[in-house]
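Below is one structure, written out as structure tokens; the observations come after it.
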Protein chains: 2
Amino acid sequence: MRSKIAVALCATMAMAAPALANDDVIKNTSDPNNWAATSGDYGLQRFSKLDQINRENVKDLKVAWTFSTGVLRGHEGSPLVVGNRLYLHTPFPNIVYALDLDNEQKILWKYEPKQDPSVIPIMCCDTVNRGLAYAEGKLFLYRADTTLVALDAKTGAEVWKTVNGDVKRGETGTSAPVVVKDKVLVGISGAEFGVQGYLTAYSIADGKKVWRGYSVGPDDQILFDPAKTTSLGKPVGKDSSIKTWNGDQWKIGGGSTWGWYSFDPKLNLVYYGTGNPSTWNPAQRAGPDGKQIDQKWSLSIIARDADTGVAAWAYQLTPFDEWDYDGINESILVDGIDVKGEKHDVLVHFDRNGFAYTIDRKSGIPLVAEKYDPAVNWSTGVDLDPKSPTYGRPAVVAKYSTFLNGADVNTKGIVPAALGTKDQQPAAYSPLTGLFYVPTNHVAMDYEPFKVSYTPGQPYVGATLSMFPPEGDNNLGNFIAWDAGKGKIVWSNKEPFSVWSGALATAGGVVFYGTLEGYLKAVDQKDGKELFKFKTPSGIIGNVFTYTHKDKQYVGVYSGIGGWAGIGLAAGLDKPTDGLGAVGGYAGLRDYTALGGSLTVLSLP
Amino acid sequence: MRSKIAVALCATMAMAAPALANDDVIKNTSDPNNWAATSGDYGLQRFSKLDQINRENVKDLKVAWTFSTGVLRGHEGSPLVVGNRLYLHTPFPNIVYALDLDNEQKILWKYEPKQDPSVIPIMCCDTVNRGLAYAEGKLFLYRADTTLVALDAKTGAEVWKTVNGDVKRGETGTSAPVVVKDKVLVGISGAEFGVQGYLTAYSIADGKKVWRGYSVGPDDQILFDPAKTTSLGKPVGKDSSIKTWNGDQWKIGGGSTWGWYSFDPKLNLVYYGTGNPSTWNPAQRAGPDGKQIDQKWSLSIIARDADTGVAAWAYQLTPFDEWDYDGINESILVDGIDVKGEKHDVLVHFDRNGFAYTIDRKSGIPLVAEKYDPAVNWSTGVDLDPKSPTYGRPAVVAKYSTFLNGADVNTKGIVPAALGTKDQQPAAYSPLTGLFYVPTNHVAMDYEPFKVSYTPGQPYVGATLSMFPPEGDNNLGNFIAWDAGKGKIVWSNKEPFSVWSGALATAGGVVFYGTLEGYLKAVDQKDGKELFKFKTPSGIIGNVFTYTHKDKQYVGVYSGIGGWAGIGLAAGLDKPTDGLGAVGGYAGLRDYTALGGSLTVLSLP
């Protein structure tokens, strides 16, 4: 068993070539006893080689210890474990705790930044924070007010800090930084406030800005080389972004970058997705001819050179958004995936738009693009024929086009809803099965765009929603296993609410995930059979992680209901129609759980 | 073993005579599968007949389920369990949840009162609430703003509500109501704001006031019968309270009533303690001759007729307070305690002043009064000689008299500190061993009185403190076993911090308690040997409780650091000197735990 795993791991982990990455990150993330990066490693596989907890004994798991964070609202992300220390982060006010695993989790230090609470109402989807990065004795915290802080991991003292964005323009920080080589990467939130999104690299040594690549705008801002940057295998040409916008709208054009960032050391490429174009009212974004216009590079996957930030390729998943299908979801890097008999080194991306993409990660060419929820109805499919004039594009069903139906018209029953078939909750990949384990939303919406005007720092949304289970169903979520080579669901478990928690696959043959009611669940990788569940103090929107301490494997997860799915509880909104309808069917969560952030850590007896 | 327990129980529980009490309360509290009253029963024994969890298997306890309350600050008291429902309460804003034990703890209803947050700074020692009362299908909640609410236990709907006190005068509600016969009793907090304390009985049917007995004031306010109300066996005579005050000072004289209330159905007497006289600066309370004056009936145990409120007897534990030795701690009712070869039906009271009193509960005569922490130094002992002119009084050591030393003088090294050798954290009694299990504070203080003037609704304290472990020690607490017949410590376990959690003794031979760092501990009743510990999410100031559901015994406790001992964390005070020194040595708690209210429930696998 163990040797089989080892072979599988060698095959899939081979991409981790220390020479080209940050040596310390590689060293720490290569040791499965740590959880040294927020998604486990640069490939965001969320797979652990630990196998002490396995499908036979997982039923015996018991809570080993717990830790309340002192913060009520939604807890996304996961702690980091490096050596004998565990580092927790919290939502606003973004407290960081260092716990001593050798000494009954005693608090070694606490860092509590003083931030202006006026940032809170500017955070569209709760005051979440998705985690820390660790490298070379420093912890990197990206605060709600967009201050990026490097902390001395030993003492919690600030080594340097720098302000990445402008809260007054609606820019906020929610994403987890990633350290790549000698730089730390951070994104920006605020597409609901009309930001012009960007990804920025700072020197880990002193916090100096190295490069910044915008999502939309002129070539020198988006760092696209008209001749060398490609899309679907061809150079993008000059002004690839601004020529797809009406006038200066790109300046408030969205394309936020608040998701997860993966890195391929061999190719020296960083992968991430971009958010929706602002506003949600497509009529306001139509071209000069009154027709759809792409608004590139919103809703795209972009691959950038880690050193220069220059884009190698970009692929727009959803041109001209009419549904808020943010492209920010993670791109998981896996080598040697078989697509129609050929092996490919790919990235796999489960998009908000309901399609799962398997993409050659060197060329950016999509190999597979299939619905990962059969209920998805806004599009009939993605055109993968290179000779077709609509190559790479999803075919929109006119009935579900909120643009064709027009402003102030309520388009009914679109699947997925604005929060997508998956949102930020990251999927996991297991080399044991070759399958992806995906926490999904199974939600329909009615969508009514309305005219909105832009004021810096004010919401720039322009649509009201109603969210509910797709017709004929009463569940708002599924947890699925996905074959990315074939583009097929292998098994699917119904969940009453969306699964808003990041999954974890382990060499023990188990997949873990959390539910919005608060259960930590373990299922069999092969068939999804439930092997264990435990009710944590609050609903789970955090990501499951694992580590070893003194030869014992632990599995942990934040609980603390919130995020978009839990915004009703987090922000005290009672009715499904509150928050322009953002609360939706999740209002029912009030029957299951209440606010409160804590970490629950389990082990075998 | 079981039959021995049964015999012991019959002996000690015989006082529960249904005819004279509330039949429904008796029925519910007599069933050990419930936890139907905040301290288990009318006698406040905090003993459960359940024995499925015992000293052999308690080591195997595992967390069965958890529930975050959605409130951050200190969680005192415990939930109630009646049948298949568990009722939780929270600190301000005093939310109540009804959970369905038959259906994975789903929330059946939630009651969240709208209270003016201006009450928060008027709560001296955190925004705590000590629990609910249940009788005849109604739940009684006593809110921070002193509103007493009767809720329909089925639906959470308000049946009636009444306002007991006046927040503008510094009166607040923190105590757990108790239902006695057709009445519900509630006290008042606010001796640090110059209230005139009182205990009030309301009709459970409609919330109409039945009687109110003040702690200090004229006979018709304190409901003392000069001829029939006794103290130390003799009638108190006319004006027993006001003649012990200088002028009208009794009107702002303190004597709050925020502790626990016990009830003896046979004698039809309710027992409770009264708080400190206001202010903490004794010089301001001296008699017209400039000397000490008793300030009766502050710092007293009072026994009142349940129907009329008229006092049967009163006993002042600490005349003329100079240290804030509130007498509000609970009086535990036990029958047949052997004192010097004679059996007595007694109440046992562990006072803030460091003495444990064993008192004949019919006559109010003290039988035993001994230090339950050898470090207590402010008094050499209590005079129990009926012929002595100082009968019933503690002998004050002049060196530790903050009055004799005078205002603006810092009296050093007094033991106990203002929060007493025990505060509100209730002790437990086990009929198996005949011993009391007492969570204690082991804290010394420096105390410097200063002149303060009275303004309604403003703090009226008049002393600054410094709190630290007694000389030569480094622990701030002990958990002890006490022989109330002999007045001796049987065993004592050191704890780094005060034990601010209520103990629970069970027929399994185990005693449970929580610690401020967050551990739920189980020790052997016989010798105090630690059998189990588990780290809950936050520091514990709640009281351990137990119940049975579907033939399985569960043990639970709130965690959620706060209360006086945790006020530093709860109110964001960093330094030991903050809050006039109320934070003290507990500032070190920041190294162990953070805020956050949740319930942790454990069972055998």
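Of note:
- Per-residue ³J(HN,Hα) for region A:551-556, Karplus 6.51 cos²θ - 1.76 cosθ + 1.60, θ = phi - 60°, Hz, x for Gly and Pro: 6, 10, 7, 10, 10, x
- With DNA, RNA and ligands ignored, accessible area of A:Trp245 (1.4 Å probe; Å², nearest 10): 10 Å²
- Sorting B:Ile541, A:Ile252 by solvent-accessible area of protein heavy atoms yields A:Ile252, B:Ile541, largest first, with a 1.4 Å probe.
- Cα-centred dipole magnitude for region A:430-495, charges only on beta-carbon of K, R (+1) and D, E (-1), debye, nearest 20: 220 debye
- Helix A:2-13 and the long axis of chain A differ in direction by around 40°, with both axes built from C-alpha atoms.
- Cut-off under 5 Å, modelled amide H: who pairs with A:Lys183 long-range: A:Ile204
- Links that overshoot a 26 Å alpha carbon limit, given the list A:Lys550/B:Lys526; B:Lys238/B:Lys343; B:Lys243/B:Lys451; A:Lys168/A:Lys238; B:Lys168/B:Lys208: A:Lys550/B:Lys526; B:Lys238/B:Lys343; A:Lys168/A:Lys238
- Heavy-atom accessible surface of A:His349, to the nearest 10 Å², is about 0 Å², with a 1.4 Å probe and all protein chains retained.
- Of all beta bridges that DSSP places with both ends in chain A, some 95 percent have antiparallel geometry.
- Relative contact order of region B:232-364, pairs being alpha-carbon contacts under 8 Å that are 6 or more residues apart, as %: 23 percent
- Using θ = phi - 60° in the Karplus curve 6.51 cos²θ - 1.76 cosθ + 1.60, the 3J(HN,Hα) couplings for region B:394-404 round to x, 7, 7, 7, 3, 4, 9, 8, 6, 7, 5 Hz; x is entered for Gly and Pro.
- Multiplying the residue separation of A:Glu104 and A:Val310 by 0.36 nm and subtracting their alpha-carbon distance yields 69.5 nm.
- Largest accessible area first, the residues A:Ile332, B:Ile489 order themselves as B:Ile489, A:Ile332 under a 1.4 Å probe with ligands, DNA and RNA left out.
- Placing pseudo-labels 7 Å out from each Cα toward the beta carbon at B:Asn410 and A:Asn474 gives an inter-label distance of 6.8 nm.
- Length gained on full extension, B:Lys399 to B:Asp383, computed as 0.36 nm times the residue gap minus the Cα-Cα distance: 3.8 nm.
- Label-point gap, in nm, between B:Asp182 and B:Lys209 - each point 7 angstrom along Cα→Cβ: 2.0 nm
- Cα gyration tensor, region A:470-602 - rounded (a/c under 1.5), prolate or oblate: oblate
- Calculated FRET efficiency for the pair B:Lys494/A:Ala286, C-beta based, R₀ 51 Å, to 0.05: 0.10
- Share of carbon and sulfur in the accessible heavy-atom surface of chain B [1.4 Å probe, %]: 53 percent
- In this assembly of identical copies, the label point of A:Gly137 (Cα plus 7 Å along Cα-to-Cβ) is separated from its counterparts by 7.0 nm, sorted shortest first.
- Pair B:Val339, B:Asp166: separation of 7 Å Cα→Cβ label points (nm): 4.0 nm
- Loop-resident trypsin sites (Lys or Arg not before Pro) (DSSP state other than H, G, I, E or B) in region B:235-332 with no more than 14 further Cβ atoms inside 10 Å of their Cβ: B:Lys238, B:Lys291.
- Counting, for every residue in A:595-604, the Cβ atoms of other protein chains within 10 Å of its Cβ and taking the mean gives 4.
- Out of every Cα-Cα pair that the protein assembly as shown contains, those further apart than 42 angstrom amount to 45 percent.
- The distance linking region A:340-361 with region B:335-379 is 76 Å (Cα centroid to Cα centroid, whole angstrom).
- Using R0 = 41 Å, the C-beta based FRET efficiency linking B:Asp220 and B:Lys154 works out to 0.50.
- Surface accessible to a 1.4 Å probe, per residue, for the residues of chain B, Å²: 31 Å²
- Considering helices alone, the calculated mean residue ellipticity of chain A at 222 nm is -1500 deg cm²/dmol, with DSSP H runs of length four and up weighted by -39500 (n - 2.57) and normalised per residue.
- Potential lengthening of the chain between B:Lys526 and B:Asp23 amounts to 177.6 nm, from the contour at 0.36 nm per residue minus the alpha-carbon distance.
- Anisotropy class of chain B from Cα gyration tensor, a/c 1.5 cut: rounded
- Cα gyration tensor shape of region B:181-221, rounded if a/c is under 1.5, else prolate or oblate by comparing a/b with b/c: oblate
- Taking all protein chains as they are arranged and a probe of 1.4 Å, the heavy atoms of A:Tyr214 leave approximately 50 Å² accessible to solvent.
- For the set B:Tyr513, B:Tyr134, B:Tyr592, solvent exposure ranked by accessible area (probe 1.4 Å, protein chains only) runs largest to smallest as B:Tyr592, B:Tyr134, B:Tyr513.
- Partner shielding of A:62-75 amounts to 6, given as the average count of beta-carbon atoms from other chains within 10 Å of each residue beta-carbon.
- Between region B:470-547 and region A:563-605, the C-alpha centres lie 36 angstrom from each other.
- Cross-link pairs beyond the 19 Å C-alpha cut-off, checked among B:Lys62/B:Lys535; A:Lys494/A:Lys521; A:Lys59/B:Lys533; A:Lys228/A:Lys296; A:Lys529/B:Lys106: A:Lys59/B:Lys533; A:Lys529/B:Lys106
- Measuring nothing but how far apart in sequence close Cα pairs (under 8 Å, 6+ apart) lie, relative to its length, chain B scores a relative contact order of 15 percent.
- Taking the DSSP beta bridges with both ends in the protein assembly as shown, the antiparallel portion is around 95 percent.
- Label-point spacing at B:Asp408 relative to the other copies reads 7.6 nm, in ascending order, each point sitting 7 Å out from Cα along Cα→Cβ.
The values are calculated or read from the model by the stated rules, or taken from the named source; none is laboratory data. Just so it is clear, the structure is predicted and the values come from calculations on it, not from any experiment. Counting neighbours? That spans all protein chains shown, and the Cβs are built from the backbone with ideal geometry, glycine included. Side chains are part of the model used for accessible areas, which takes the heavy atoms of the whole protein and leaves out ligands, DNA and RNA. Shrake-Rupley method; radii C 1.70, N 1.55, O 1.52, S 1.80 Å.
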